[in-house]
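Okay, so here's the structure we're looking at.
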Amino acid sequence: MKFVNPLAADELDMQDIRGGQYSLVDPVRSLLRLEGLACLALACVLYHAQSFSWLSFAKWFLLPDLAILVYLVGRPTAGMWAYNLTHSSVGAATAAVLGVVLGSALLLQVGLIWFAHIGFDRALGYGLKFPLGFRVTHMGVLRGMAKSRDA
């Protein structure tokens with residue numbers, strides 16, 4: 001897959017991406033990771049305040065990561081969409097707000113677990129994906145991961 005970077009002189013493919021061209025400045029990346037940690041902490045505090053089951057929290061916490069399976073079956077564009085839809089705070093916020101408005105404890109619980117997962121991922125440095133491959137995110141290029149699936 002070829003990608004033309006308007007800020008670079010040459011065409012790039014996944015093998016050319018080393019992180020420097022697509023990485024964030026360290027203070028910005030650190031701020032985004034702290035923001036993720038804050039979302040995780042806030043979701044957990046609100047979850048505890050509602051006296052929801054921590055066993056349910058543990059059971060459903062990694063559910064959004066099932067979207068990664070779409071990448072594993074060799075569908076990078078569909079994988080990007082599946083991952084981004086399950087790792088954007090829009091869905092979590094919608095579930096939580098509907099839970100409050102409709103008085104649905106289940107929707108609120110789903111929204112808080114979902115927010116916690118998104119915050120956890122951001123705190124670890126995982127971001128929303130670009131069509132260039134799983135490793136290329138809005139928080140920079142993930143390091144130390146196999147490159148074979150990103151082509």
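Throughout, read-outs are computed from the coordinates displayed, never taken from laboratory work. These numbers were taken from a predicted model, which means no experiment stands behind them. All Cβ positions, glycine included, derive from the backbone under ideal geometry; neighbour counts span all protein chains shown.
A few comments on the model shown:
- Cβ-based charge dipole, the stretch 29-132, positive-most Cα from ALA116, LEU85, VAL45: LEU85
- The distance between label points at TRP60 and ARG75 comes to 2.5 nm (points 7 Å beyond Cα on the Cα→Cβ vector).
- Rounded to 0.05, the FRET efficiency of the HIS138 and LEU46 pair, given R0 = 22 Å and the Cβ-Cβ distance, is 0.30.
- Amide H contacts under 5 Å for GLY127: HIS138, MET139, restricted to partners 5 or more places along the chain or on a different chain, H placed in the peptide plane at 1.01 Å from N.
- Computed from the C-beta positions of VAL28 and ILE68 and an R0 of 30 Å, the FRET efficiency is 0.75 to the nearest 0.05.
- Per-peptide average of other Cβ atoms within 10 Å, ordering 71-77, 84-90 highest first: 84-90, 71-77
- Cα-based shape type of the stretch 25-125, given that a ≥ b ≥ c are square roots of the gyration tensor eigenvalues and the cut on a/c is 1.5: oblate
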